[in-house]
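Below you'll find the structure, written out as structure tokens, and then a few comments.
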Amino acid sequence: MINKGDAFHLPKNGTYLLSHSVGRPLKSLQAHLRAHYFEPWEQGLVEPWGHWLQGIEQFTTALGRLFNAPATQFCPQTNVSSGLTKLLQSLPSTTTPIRLLMSENDFPSMGFVAQCARNDIELHFIGADADMSDPDVWQMHLTPDIDFVFVSHVYSNTGQQAPISFIASKAKERGIKVILDVAQSAGILPVDLNALQIDVMLGSSVKWLCGGPGAAYLWVSEALLSELKPKDVGWFSHANPFEFDIHHFEFHQTALRFWGGTPSVEPFIGAAHSIHYFTELGIAQVREHNWALLSQLHTALEGYMVSECKIERASGTAIVSFGAHNERILAALKEQQIAVDCRLHGLRISPHLYNTQDDLNRLVEVVQAHL
């Protein structure tokens, strides 16, 4: 296993195992933000936009390297919900409903967007009790009448990993377009867009990529892009943002048509730095470290594990349930300054690069002492 704890800001006391919620910041982040965001603003004689926009270009370039796709196919977004809203509103009008398949295990925001973004979407749901890691479940629900399928690469409350290669292949066979949400998997599970051949991807930087909130992204395949005309536009959606002719608008040729008005820049400059760090290290190494610690947990808490224990079906998060004792054990862990959380199916535990075998041993000791 690798140990990169020295590279990240960690609590002085206690153990942090909440990377499924917010990843820890790099120690080098403050210096990077000072050099690329604050100094051009504080010390420059001219407006800092030229320098700031270079920072955002570094963000899309970093995403291109991370996901093996052209940087021009990525557009910065404030959050995943906003990206999905812009995408759905950009679809051409139809005389028949747009049939969208989702899971009841998807993050609720995604369902809220699908219900409100436009009036002609007909939602179909895979039930909450379905095993979202099982290809047979997807085979059964990917019927020819479906137009789009929304897929969470990882389901945060169950710890399951969707079989995205299988889904992409079956969807393509049946003429279904795939929207992939990597908010819970980016930085811990490799995603190769060139190999995957999907249509749309949405994600963020706040979790395993340790890039903080506000730096989400929308990726659109080249084949689909020309069909989409966003409704939420601004001068950065223009083919020539600096034309400044109020009577003429032309969509940007790239995914930046989804950008909109004057952008936020600080979150993207910071996230670019973090994404570059993980890309240089290699996501495969991150997953190897994560899986070694998860395997340690699987062995120590066998019988209490409710999340997947097979690497091809598991996320980066272990979910354990102690039944009626969940709240008592959660309180005991909190008292010992071990940070995890609890959702519907149990306690969520997410070891990252900055966690060690000792961290997991300490958690197990507290659990066993209170069972």
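The values are calculated or read from the model by the stated rules, or taken from the named source; none is laboratory data. Only a predicted model underlies this, so the values are computations on that prediction, with no experimental measurement involved. Note that we place each Cβ from the backbone using ideal geometry, even for glycine, and neighbour counts take in every protein chain shown. Quick note on the areas: whole protein, heavy atoms, side chains included, nothing else; ligands and nucleic acids left out. Shrake-Rupley method; radii C 1.70, N 1.55, O 1.52, S 1.80 Å.
Before anything else, pin down the relative contact order of the chain: Cα pairs under 8 Å, at least 6 apart, normalised by residue count, whole percent. Don't jump to the answer; show the numbers that get you there.
Values: 716 pairs, mean separation 88.5, N = 371.
Computed over the chain, the figure is 24 percent.
With every protein chain left in place, what is the accessible area per residue of the chain in square angstrom, probe 1.4 Å? The partial results should precede the final answer.
Values: 16750 Å² over 371 residues.
Solvent-accessible surface per residue comes out at 45 Å².
In a Gaussian network model over the chain where Cα atoms closer than 10 Å are linked, find which of Asp341, Asp192, Asp106 has the largest mean-square fluctuation.
Looking only at Asp341, Asp192, Asp106, the largest GNM fluctuation is found for Asp192.
Net charge within 15 Å of Ala314 by Cβ-Cβ distance, Lys/Arg positive one each and Asp/Glu negative one each, not counting Ala314 itself? Could the numbers behind the result be given before it?
Details: positive: Arg287, Lys310, Arg313, Arg348; negative: Asp131, Asp134, Glu288, Glu302, Glu308, Glu312.
Net of charged neighbours comes to -2.
For region 268-371, what class follows from the C-alpha gyration tensor (a ≥ b ≥ c being the square roots of its eigenvalues): rounded when a/c is under 1.5, otherwise prolate if a/b is larger than b/c, else oblate? Write out the running numbers ahead of the final one.
Values: a/c = 2.09, a/b = 1.72, b/c = 1.21.
In terms of gyration-tensor shape, prolate.
When the Debye formula is applied to the Cα atoms of region 51-194, each taken as the same point scatterer, what base-10 log of I(q)/I(0) results at q = 0.12, 0.22 Å⁻¹?
Each listed q maps to, in turn, -0.52, -1.55.
Could you size up the charge dipole of the chain around its Cα centre, putting +1 on the beta carbon of Lys and Arg and -1 on that of Asp and Glu, and report it in debye to the nearest 20?
Numbers: 25 positive and 37 negative charges, 86 e Å.
It comes to approximately 420 debye.
Please build a GNM for the chain, connecting alpha carbons under 10 Å apart, and tell me which residue among His238, His325, His273 fluctuates the most.
In this elastic network of the chain, the residue with the biggest mean-square fluctuation among His238, His325, His273 is His325.
May I ask for the distance between the Cα centers of region 257-327 and region 151-166, given as a whole number of Å?
12 Å
If you bin every alpha carbon distance in region 83-128 into 5 Å steps from zero, what whole percent lands in each bin?
5, 21, 33, 24, 12, 4, 0
At 1.4 Å probe size, with the rest of the protein present, what percent of the exposed accessible area of the chain is carbon and sulfur atoms? Show your work: numbers first, answer last.
Values: 8620 of 16750 Å².
That share works out to 51 percent.
Take every DSSP beta bridge whose two residues both sit in the chain, then give the antiparallel share in percent to the nearest 5.
Here the antiparallel bridges make up roughly 50 percent for the chain.
Can you tell me the dipole magnitude for region 238-357 around its Cα centre, using point charges on the Cβ only (Lys, Arg +1; Asp, Glu -1), in Debye to the nearest 20?
500 debye
Quick one, can you get me the convex hull of the C-alpha atoms of region 204-332 expressed as volume per residue in Å³?
On the way: hull volume 24.9 nm³, N = 129.
Residue-normalised Cα hull volume stands at 193 Å³.
What whole number of Å gives the distance from the Cα centroid of region 174-203 to the Cα centroid of region 71-146?
Between the Cα centre of region 71-146 and that of region 174-203, the gap is 13 Å.
Among the listed pairs Lys86/Lys177; Lys207/Lys231; Lys4/Lys27; Lys310/Lys334; Lys4/Lys310; Lys4/Lys334, which have their C-alpha atoms separated by more than 20 angstrom in this model?
Pairs exceeding 20 Å: Lys207/Lys231; Lys310/Lys334; Lys4/Lys310; Lys4/Lys334.
With every protein chain left in place, what is the accessible area of Met201 in Å² (1.4 Å probe, nearest 10)?
Looks like 0 Å² after rounding.
Just the Kirkwood number for region 30-79, please: inverse of mean 1/r across all distinct Cα pairs, in Å, one decimal. Write out the running numbers ahead of the final one.
On the way: mean 1/r = 0.0833 Å⁻¹.
One decimal place: 12.0 Å for the Kirkwood radius.
With +1 on each Lys and Arg Cβ and -1 on each Asp and Glu Cβ, and nothing else charged, work out how big the dipole of region 295-354 is about its Cα centre, in Debye to the nearest 20. Before the final figure, lay out each step's value.
Details: 6 positive and 6 negative charges, 15 e Å.
For region 295-354, the charge dipole is close to 80 debye.
With springs only between Cα atoms under 10 Å, which of Ala69, Ala332, Ala171 fluctuates most in a Gaussian network model of the chain?
Ala332
Of all DSSP beta bridges located in region 40-192, what percent are antiparallel, nearest 5?
Of those bridges, close to 15 percent are antiparallel.
Can you give me the Rg/Rh ratio for region 41-112, using Cα atoms for both radii and the Kirkwood formula for Rh? Before the final figure, lay out the partial values.
Values: Rg = 17.7 Å, Rh = 15.6 Å.
With Rg and the Kirkwood Rh in hand, the quotient comes to 1.13.
What does the helix-only formula give at 222 nm for the chain: each DSSP H stretch with n ≥ 4 adding -39500 (n - 2.57), the total divided by the residues, and the result rounded to the nearest 500 deg cm²/dmol?
Working: 13 runs with 131 residues, N = 371.
Computed ellipticity for the chain at 222 nm equals -10500 deg cm²/dmol.
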